[in-house]
Every structure is written in structure tokens, then in C-alpha cells.
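All remarks here apply to the structure that follows.
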Amino acid sequence: MLQIRYHLHLSYSEKHSVSIRYLLKLILLALLFSLPAVADTNVAGDEIVIINDNPSTGAPDVGISIAVSPQPDPVLGYLPDVDATTAAVSTQEDASDNDVDLWQRIKNGYAMPETQSPFTANHESWYAARPEYVKRMIGRSQKYLYHIVEEVEKRGMPTEIALLPMVESAFNPQAYSRSSASGIWQFMPSTGKNFGLKQSWWVDNRRDVMAATNAALTYLQKLHVMFGTWDLALAAYNAGEGTVQRAIDRNRKKGLPTDYESLQLPPETRNYVPKLQAVKNIVNNPEQYGLNVQTIPNRPYFTTVTVPQQIDAHLAAQLAEISFDEFSSLNPEYNRPVLTGEGKKHEILLPVGAAETFNTNLANNNKPLVSWQTYHAKRGERMQNIAHKFGISLAQLRDVNDLPAGNNLKSAGALLVPNNKTDADELSVGDNDTAVANSENAKENAGGNPDRSGKHIVRRGDTLQTVAQRYKMSSKQLMTQNHLKSHYLKAGQVLIVNAESFKSAGSHAAHNSKKSHYLVRRGDTLDTIARKFDVATDDLQRWNNLSGSHIIPGHKLTIIKPDAA
């Protein structure tokens, strides 16, 4: 504190007057400092507090606080009964512990040495030139990253490992490489089997988020024990332990260093660790690369839910009241439209707030959980006859059962077909479903006109969404016009539709549409292909008779777009 000493010889009255003036000044200064701080916002829109810096003391003022406005939280939409004010308060409280942002938690756990490689700058430039790619990758990662970080920390591993799926698959759970690697961790078939990842006609657990994460981290720990450093462990994860060990042996015989940078490794492996370093650098300072990395809340995105031994995938999504794309992104391991487990029950993943909804709707559901059955086909039986028998298109029959092109079955075997033994005239279908339909009836209904009164008779396979699209209406309009209380439609039900829109839409589609084909590539999903051609995902499924979102590289898709001419 600054001390002022007066050395003037003053009379008692003068001294008294000075003392009063001095006290008044102190009171005035106290009032100035007691005024509330002025609030302002920074470039990011966060509320900050502007205060006068006081160089006379190094102790912080405990009465001063900085309020951080909560960032948009993608998980909050799935959290039940969250009051906005409570959420904001809780976010501010968490911010003080650096818990609100998962990125900060990851950065706090970095433990790998910085890689000094000229390849790193190349990858930084590649990401910086593709902001939309980075945005999609980060968007996908928000579903899985919290779980991976949790598992990495439990094992005492560097948190950089949690970023590895960005290098492997860009966090695309359906990623499938030309060398048959699959899932966000890109397991080869043989390696997956070695680490307990089941691969059968029903499931491929290399795509199972939790199982594959557990297997990948176990494998990486094993490699770290073998080679002693994380960069060599990562190199072996990419190229195989044999490749790395041979490179070490060669250098050792020549008396050369055996660290990662000194080894003669395949080009992809030499770029592997630098690419992870580039991702790490971007996470550390995205603004330096002109990128905007979305905040990811430090809380679980999904939880496990117990389901019966068998249940339709579309029905599970419907009971959870989430889109089928959302459901598939959390349960990408299933190959068929039926989720099946080895025991009487098994687990699926759902967003944290959808679990209770699912359990409630499942308990109240009084309809069959499975709309598929097993058909034992004979050798030489015509596929077209089987498809017609069970009211399914030939393309759908092939897609569901992974059947090769051809007319006849080369060998006897079991096929998955719609279960016509259930109430075939009543289908529980919603906007998020792509129901298996009788293709001949669907074509007939789509190609014909409604009667003069503007009515549509619901046929098997119709959904509220497909009927609305057919007559150039929204689902909401169709529901309002027909006083529908739910999305459920029943075969034979009569709907009032917009006949004129259908007529014009039908002629427009017949004369002004342009059909093309697209060959599915590695890393493609129905969603990315739909965005590429500016069409709806549901349309892609309808045009190609797909019962789900699972596609395989090499598959040819039909694209129908309005003719610009």
C-alpha cells in the first residue's frame, strides 16, 4: 500500500480540515470501486467482465467472476427434463473445472512426444483446405469420443490415442477399406477375430463402437509392451507388428537407430504418426488453421439398453423415438434388419435421453417385435419367385441376404424374408422407417392416379412419408387433412390427398427426370451420397429398394434428379 506522509507544520484546525478532506477522498474512492462491473462480450460471444487492473496487489479479487455463456450442446437435445436455466448454471459451474469441454480434457492428458516430421505440415494443410470435411468428422466424433476418452484414461494411456479414429476412419462407423478393414478403428478380419470381435452373417463387431474400442486399446497396449514407445506401437497398429519388427532388425544389423523416424517403413506408415500429430495440432489451436472445432460436452452421449433376443432395427429406432440414421450410427454392427443376440436378451446403444423413452414404449408395445422370418430355400430356386412369394422386391431380397447377381440360387440355404404370418394387413410404420413393401403394388400405386375425389387407398408398404411425398405434401399436412393422431397407417385405409399435385408431379417425374448411377466408394454413407447429389436419404432408399442404410463399396446406386434442361 502506498503510504503518504505529511511533513508540514499545520495548526490543529488545519490538521483537522486535512483529515476530513482525506477521509472524504477515501470514501469517494471506495464508492467508485464498489460500483458493479461492466459486462461485455468477446468475439466468441462469451460474456466477460471488464474490471480495472489494480497493480498494487497481486491477490485476485474473490468477488470477481467471469461468466461463460454455454455453447450449443448436441447431447442436451436427448437429455430429459433439463431446465434451460439449470443447464446454464451447471455449465458455468463445470467450466471452472475445465469439464465443460471434452477437448480440454483430452489436451490435459497428452503424453506422447511431439513428432518432428515434414509430413505433419502436409497433413495440416490437407485438413485446413477441407473445413467441411473436418466439420463432418468432428460432428460424427461427438457420439463416440467421450466413451473412448473414458476407456483410454482407465488404462492410463495417452489421450492422443482417443483421436486415432480421425486418422483411421474420420469416425465413420461404416468405413470399409479396400483391404477389408472395417469400423472406426479399421480392424482387419483376422486381427478382429484375434481380439474377440465376432464377424458373422448377423453382425460384424468390428463396427461395434464399444467392443471395437476395447479391442483396439488392448491391441495398442500389447504393441506398446512389445516395442516400448507409442509411436512404434502406432506404426505396428497400422502396418502390423511383423513389418515394424523387421524394419527394426534391419537397422539394428546396420548399426542404425531404431526409433520411428529412423526406420524404413511403408509410405502410409511413415505418414501415420505425423497425421495424428497434425490432428493433435489442430485440436490444440484450430484458429491457426482457419478451422472451427465444435465444442463437445464432457458427458456421455449414449448408454446401453437391454432388448429382447430379436427385434426389428426400425422398430427399435421407432420405440426410442429417434431417426433410423441416429440409431444406425450407434449400432452399426448389425448386418440385417433384425437385431439378434445369442442369449435371451442383449444390449444396444441409445442416446442417453432416449433410453427411458425406449423402455416405456417397449413395455407398452403390443405388436410383434419382428416382421421377418427364416425361409429355407432350395437349390436352383428362382430368386424372383421367392421375392414375389413374400412381397419383397428382388433387389431387397438380394440386399438383405447379400445374394449375388443371378436368377437361381446355387445352393440351398436359409434366407431372411418378411413374416407374412403376422397381421400382413396392418403395418406399424413411421416417418423414420423404410418398411419392406410389395414392390409390384408400390409401383402400381405410384404409377396410377387417385380417383376423381382425390383419395389414396393405403397399400402394404405405404408410409405416411412416402404417401405425402407422392402427392407433393408434407407429412404434417397429410396428418392434418385426414385428422390422423399418429403416423400409423393401415392397409386399405382411405386418405384424402392433393390430386392435382399428384397429377402434375406424376407427369413431371415421367418427362422431366434424369436417372444416373453412382458406384459406392470406401467411406460413403447414404447420408453423404444424398448430400452429394442434393437428394433425400429416404429417396435413395426407395429408388434402390434398400431396407436399411447399410451399403457396401462397389454397390451401384440409382440417382433420380429433375432434368435441369
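Readers should treat all values here as calculations from the given coordinates under stated rules, not as data from a laboratory. Keep in mind it's a predicted model, so treat the numbers as computed, not measured. When we count neighbours, we look across all protein chains shown, and the Cβ atoms used for this are built from the backbone with ideal geometry, even at glycine.
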Evaluate the charge dipole of segment 301-370 about its Cα centre and quote only its size in Debye, nearest 20, assuming +1 on the Cβ of each Lys and Arg and -1 on the Cβ of each Asp and Glu. 260 debye
I'd like to compare 151-158, 183-190, 197-204: which one has the highest average count of other Cβ atoms within 10 Å, and what's the full order after that? 183-190, 197-204, 151-158
Restricting to Cα pairs under 8 Å and 6 or more apart, the percent relative contact order of segment 205-361 works out to 21 percent
Potential extension, Lys472-Glu150 segment - 0.36 nm per residue separation minus Cα distance: 111.2 nm
Full-extension gain in nm, Lys107 to Thr218, via 0.36 nm per residue minus C-alpha separation: 37.8 nm
Any idea which of Gly341, Ala313, Phe324 is furthest toward the positive side of the dipole for segment 301-370, if Lys and Arg beta-carbons carry +1 and Asp and Glu beta-carbons -1? Gly341
Cα gyration tensor shape of segment 381-420, rounded if a/c is under 1.5, else prolate or oblate by comparing a/b with b/c: rounded
From the phi angles alone, apply the Karplus equation (6.51, -1.76, 1.60; θ = phi - 60°) to segment 515-528 and give each ³J(HN,Hα) in whole Hz, x where the residue is Gly or Pro. 9, 9, 10, 10, 8, 4, 10, 4, x, 5, 10, 4, 5, 5
Segment Glu132-Gln245, extension gain: residue separation times 0.36 nm, minus the distance between their alpha carbons: 36.9 nm
Kindly identify segment 245-315 as rounded, prolate or oblate by the Cα gyration tensor criterion: order the square roots of the eigenvalues as a ≥ b ≥ c, call it rounded if a/c is under 1.5, otherwise compare a/b with b/c, prolate if a/b is larger, else oblate. oblate
Among Ala181, Ala111, Gly228 the positive-end extreme of the charge dipole of segment 102-289 (Cβ point charges): Ala181
Given the pairs Lys193/Lys222; Lys280/Lys532; Lys143/Lys345; Lys472/Lys515, which are separated by over 22 angstrom at their Cα positions? Lys280/Lys532; Lys143/Lys345
Kindly rank 324-335, 280-291 from highest to lowest mean number of other beta carbons found within 10 Å of each residue. 324-335, 280-291
